[in-house]
Every structure is written in structure tokens, then in C-alpha cells.
Amino acid sequence: MPVHVFIIASLIKSVIVLLVLLTGVAYSVWLERKVVGHIQNRWGPTRVGPFGLLQPLADGLKFIFKEDLTPPHVYRPLFLAAPMIALIFALTSISVIPFGNSITVSGYSIPLQITDVNIGLLMILGITSMGVYGVALAGWSSNNKYSLLGGLRASAQMVSYEIALGLSLVGVLIQSGSFSLRTIVDAQGGHFWGFIPRWNIFHGQLIGFFIYLMAAFAETNRVPFDLPEAESELVAGYHTEYSAMKFAAFFMAEYANMITVGCLATLLFFGGWHGPIGGPPWVQALLPVFWFVVKVVCFIFLYIWVRGTLPRLRYDQLMSFGWKFLLPLAIVNLIATAIAVVW
Amino acid sequence: MSLHLILFLVFGAICVAGAVNLLVQRHPINSALSLIAVMAALAGEYLLLGAEFVAAIQVIVYAGAIMVLFVFVIMLLNAGEEEETKGSRVASLFGVPGMLTGAVLMAWVVLRRSGTEPVSIGALPGHPTEIAHLLFHDFLLPFEVTSVLILIAIMGAVVLASKPEATERKAD
């Protein structure tokens with residue numbers, strides 16, 4: 001592939017993926033308000049457009065036109081940088097996620113992924129581990145005790161659960177023998193006995209998936225692990241002092257992280273874009289992407305469902321759950337997978 | 001000038017600028033953030049050498065985990081701005097020339113004396129499989145000894161950090 005084709009294709013892919021991701025972020029918020037509304041026996045947004053579908057647009061406009069307050073007592077450089085750090089790292093991690101096979105456009109085979117690196121999984125872990133700084137610095141630079149407590153809680157929680165998260169992925173890595181997300185997905189094609197898909201979750205990684213799921217909920221600061229922004233004790237946690245687009249940046253980062261976590265779970269445990277395929281050639285080309293999106297949306301629905309169902313944990317429960325239950329379980333899962341593979 | 005050389009110079013400049021900023025800044029959190037920039041730029045240099053795995057580990061372990069703990073401790077202790085005393089002025093008077101001499105000496109030794117050849121990209125093993133082979137085959141004993149050493153250090157930290165009164169009271 002010549003260089004200029006590569007650059008043009010990468011640019012087009014980046015723009016499309018970014019637009020889809022940001023739309024996905026906006027509509028996950030809408031879906032969350034709608035689903036939580038129905039769980040709590042009310043309607044959720046209904047006024048703006050049919051089924052309240054234009055609500056994200058209205059919210060976006062409101063965020064842009066709101067007064068952007070910067071309290072006088074904050075440490076200004078970091079106060080301004082923190083939302084940017086959070087959003088940049090949340091959006092960057094999507095760049096190595098593959099969402100389908102390659103398609104052929106005028107003779108060039110273009111992989112459906114912004115960039116295919118052979119250490120894709122490690123890159124995602126690295127980028128998300130840098131995302132902690134956005135939350136921690138927001139809490140510290142706000143110069144407010146609630147924000148500081150929220151930031152401290154967030155960084156302690158994310159560092160603790162990162163270990164269980166990383167270890168839960170090692171089982172998948174041992175089975176597929178590669179860090180490349182594309183190779184991991186390709187290894188999950190086909191079926192057991194003709195009907196059960198050969199996804200990693202049916203291939204001995206059931207426990208690994210549940211460890212990943214729980215650690216991922218904690219990593220993204222979602223219910224029941226949303227102690228960094230526990231409104232009954234900390235006002236709003238690390239983003240108490242933020243308003244307008246700066247607050248929206250944290251909000252978008254949280255939902256973008258949710259989508260990334262859903263993508264990663266789909267790729268590692270649920271066979272990525274594999275699914276029933278048939279019909280004319282253009283349908284066959286697009287169906288993998290469709291299956292991938294469907295699986296990710298299921299994850300986001302699961303997130304919202306859990307938020308509408310479970311109460312928040314206490315802080316000591318959170319820490320002892322992470323260190324005394326998830327971590328040993330992840331180590332046992334890792335050893336069992338290693339023995340099974342060597343056998 | 002090739003793209004690799006340009007990127008090498010850019011990352012090198014970020015590294016040096018971050019390291020100097022680390023020393024110049026008065027507030028510990030700014031110093032810690034400069035150190036994160038140094039580590040991230042170092043990861044970029046590793047990538048240029050073709051060592052993707054080391055680069056990723058550099059970001060995950062150093063920039064992502066260890067520096068989070070640094071920032072965490074600074075936040076927890078609410079460490080304020082550094083105070084300037086007579087001693088610190090004397091230290092900078094002797095320290096800066098001393099450090100410059102050391103850096104020049106080290107650069108001279110590396111460039112002139114050690115007979116190191118420039119390494120072309122991808123010439124050294126950087127693939128995870130090769131690194132795993134080195135760690136768990138050729139250097140298995142040093143690797144395991146290091147892990148035992150780290151375990152001892154963790155146990156030492158726990159012993160030093162635990163309050164003796166609290167354990168005695170529990171024993172009664």
C-alpha cells in the first residue's frame with residue numbers, strides 16, 4: 001500500500017471512529033437515562049424529539065452555553081489540564097480496537113481498525129492506566145476536601161483493581177498466545193460440536209470473564225464501585241468544582257471508558273465480530289461490524305442495568321473485595337489456565 | 001534527516017526538558033508530573049528502537065502504576081511548596097556543576113570509550129517471545145533471585161510500617 005493511500009485511509013478511519021464513538025457516548029447517556037427511568041417506573045427523557053432521542057443534542061448545547069466557572073482557590077494549570085487528560089486518554093484507547101475484518105476498497109485491503117499494533121492489548125492497558133491522572137489531578141487541583149477525597153479514592157481504587165483486571169486478561173493471552181487483538185479474535189472463530197461458538201468465555205475463561213467484568217466496573221468508577229463520586233458523602237467527588245464543558249469532558253470520558261471496556265470484553269471473551277453471516281456480498285462485509293456493535297451495546301445495557309439494581313459498596317468492602325477476593329481468584333484462574341494449556 | 005532521527009530528537013528533547021523541569025519546579029506535584037513526562041518520552045524512545053514490549057511495560061508500570069503512587073502520596077500528605085534554606089543554596093552551588101561534570105563524563109565514556117556501535121532499528125530482540133525466552137531461559141536464576149529480593153523488600157516495608165503497639169494489643 002503506498003504511503004498516501006495509507007495516510008488517507010487512516011485519516012478517514014480516525015474521523016469515522018471518533019464520530020461514532022462520540023455519538024455512542026451521547027446515546028449511552030440517553031440509553032442510561034431511559035433504561036434507569038423505566039427501572040424506576042418513570043419515563044426518562046420524552047420531550048425533545050421522539051422518545052427523547054434529541055435529548056443528547058440539547059444537553060450538549062446546554063453544556064456549551066453554560067457559564068464556565070473557575071473557582072478562585074484552585075491550582076489553575078492542573079485544574080484546566082485534568083479534564084483534558086481524562087478525555088484524551090479515554091478517546092485514545094479506541095485507536096487500537098479492531099471492529100471487523102478488512103474490507104477491499106479499489107484494490108487496497110483496509111483493516112477495520114485505526115492501527116494494528118502487535119501489542120494492542122498492552123497499549124490499551126497502558127493508556128487506561130494513564131487515565132487515572134485526570135481524576136487524581138482534578139481532585140487535587142480543586143483545593144476542596146470533597147474533591148480531594150474523591151480523587152484519592154479514585155486513584156486507590158483504580159490502582160487496586162488494575163492488578164485483578166490485568167491478571168484476568170492473562171488467561172486469554174495464554175490461550176491465544178498473542179498480544180494482538182486481531183489474532184485473539186481470529187482464534188475464536190468456529191464452533192464446538194457445531195453449535196456453541198468457540199468464544200473464550202465458553203472455552204474455559206468463564207471465571208476470567210467475571211473477574212474482568214467486576215474489575216472493569218471498578219476501573220470505570222461505575223455503580224456499585226462509584227465511591228469516587230458518591231453523592232451522599234462527597235457532594236460529587238472529584239468533579240465537584242467543575243462546570244460546563246469541563247464537567248462534560250469528565251462525563252464523556254466516563255462513558256467513552258465504558259465503551260472501551262465493552263469493546264475489550266467483546267474482543268477478548270465474546271468472539272469479537274464473529275457471528276452468523278449470510279446474504280449478498282455487501283451484507284457479508286458489514287455483518288461482522290454489526291455483530292461487534294450489538295455485543296458492545298449489550299455490555300452498555302448490562303452496565304446500566306447494574307446501575308439501576310445494585311446499591312453502592314462501603315469503602316472497606318471495596319478494598320477487601322478487590323485484594324482478598326478478586327486478586328486471589330485471578331491468580332488461581334491464571335494458574336489453572338496455564339496448567340490446562342500445558343496439559 | 002530520516003523520520004526516525006527526528007522522532008528520536010523530539011522524544012530526547014522531551015526527556016531532557018522534563019528532567020530539568022523536575023529539578024527546577026518548587027511544587028512536588030509538578031515535579032512528579034515532569035517525571036511522568038520523562039517516563040512516557042522514554043517509552044517513545046524504546047518504541048523507536050523496536051522494543052514495543054518494553055515500551056508498553058514502561059508506560060504501564062512506571063508511568064501508570066509507580067507514578068500514580070507518587071502522586072497519591074503527595075496528595076495524601078498534602079505536601080506544600082519546597083522551602084529554601086541555606087543548605088539548599090549550598091547544595092545547588094556544588095550540585096549543578098558536579099552534575100554537569102558527571103553527565104559530560106558519562107556521555108564521553110559512552111560515546112568514545114565503550115566501543116558501542118549504533119544499533120539499527122529492530123536489530124535487538126524486542127518481541128515479547130524473545131524477551132520471555134531471555135527472562136525464563138537464559139537469565140532464569142537472576143530473574144527469580146530478583147523476584148525474591150522484591151518479596152523481601154515488601155515484607156520489610158510491611159514490618160516497618162505496622163505499628164508495634166497495635167499488634168501487641170491484639171495478642172493480649
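None of the figures in this text is laboratory data; all of them are computed from the coordinates on show. All values derive from a computational prediction rather than experimental measurement. Here the Cβ is made from the backbone with ideal geometry for all residues, glycine too, and neighbour counts use every protein chain on show.
Descriptive notes on the structure:
- For B:His133, A:His239, the sequence from fewest to most other C-beta atoms within 10 Å is B:His133, A:His239.
- Neighbour-count order for B:Val110, A:Val332, fewest beta carbons within 10 angstrom listed first: B:Val110, A:Val332
- The GluC sites (Glu not before Pro) of the stretch B:51-113 meeting both criteria, a DSSP state outside H, G, I, E and B (loop) and at most 13 other C-beta atoms within 10 angstrom of the site's C-beta, are B:Glu81, B:Glu82, B:Glu83, B:Glu84.
- Other protein chain C-beta atoms within 10 Å of residue C-beta, averaged over A:147-160: 2.
- Sorting the segments A:273-283, B:20-30 by their mean number of nearby beta carbons within 10 angstrom, highest to lowest, gives B:20-30, A:273-283.
- For the listed residue pairs A:Lys34/A:Lys145; A:Lys34/A:Lys66; A:Lys66/A:Lys295, the alpha carbons are over 30 angstrom apart in A:Lys34/A:Lys145; A:Lys66/A:Lys295.
- Sorted by Cβ density within 10 Å, fewest first, the residues A:Ser109, B:Ser2: B:Ser2, A:Ser109
- Rg followed by Dmax, in Å, when the protein assembly as shown is reduced to its Cα trace: 25.0, 81
- The residue list A:Phe299, A:Ile127, A:Pro276 was ranked by how far each Cα lies along the charge dipole of the stretch A:68-342 toward its positive end, using unit charges on Cβ atoms, and A:Pro276 comes out on top.
- Positive-end residue, chain B charge dipole about Cα centroid, Cβ charges, pick of B:Ser162, B:Leu111, B:Leu151: B:Leu111
- Within straight-line cross-link reach of A:Lys13, aspartates and glutamates at Cα separation under 14 Å, skipping those fewer than 8 residues along the same chain: A:Asp116
- Short-range pairs are left out: with C-alpha atoms under 8 Å and at least six residues apart, the relative contact order of the stretch B:28-98 is 36 percent.
- Helix-only [θ]222 nm of chain A, DSSP H runs n ≥ 4, -39500 (n - 2.57) each, per residue, nearest 500: -21500 deg cm²/dmol
- The HN-Hα couplings worked out from phi for the stretch A:281-297 by the Karplus form 6.51 cos²θ - 1.76 cosθ + 1.60 (θ = phi - 60°) are x, 5, 5, 4, 6, 8, 4, x, 4, 4, 4, 4, 5, 4, 5, 5, 4 Hz, whole numbers, x standing for Gly and Pro.
- The mean count of C-beta atoms from other chains within 10 Å of the C-beta of residues in B:33-42, rounded to a whole number, is 1.
- Of A:Leu18, A:Leu286, A:Ala338, farthest towards positive along the dipole that unit charges on Lys, Arg, Asp, Glu beta carbons give chain A: A:Leu286
- Contact order for the stretch A:68-342, expressed relative to its length and based on alpha carbon pairs under 8 Å spaced 6+ residues apart, stands at 25 percent.
- Stokes-Einstein D (µm²/s) once Rh is taken as the Kirkwood radius of the stretch A:68-342 over alpha-carbon pairs, at 37 °C in 0.692 mPa s: 166
- Modelled label reach - A:His38, point 7 Å along Cα→Cβ, the stretch A:255-299 residues with backbone N closer than 18 Å: A:294-299
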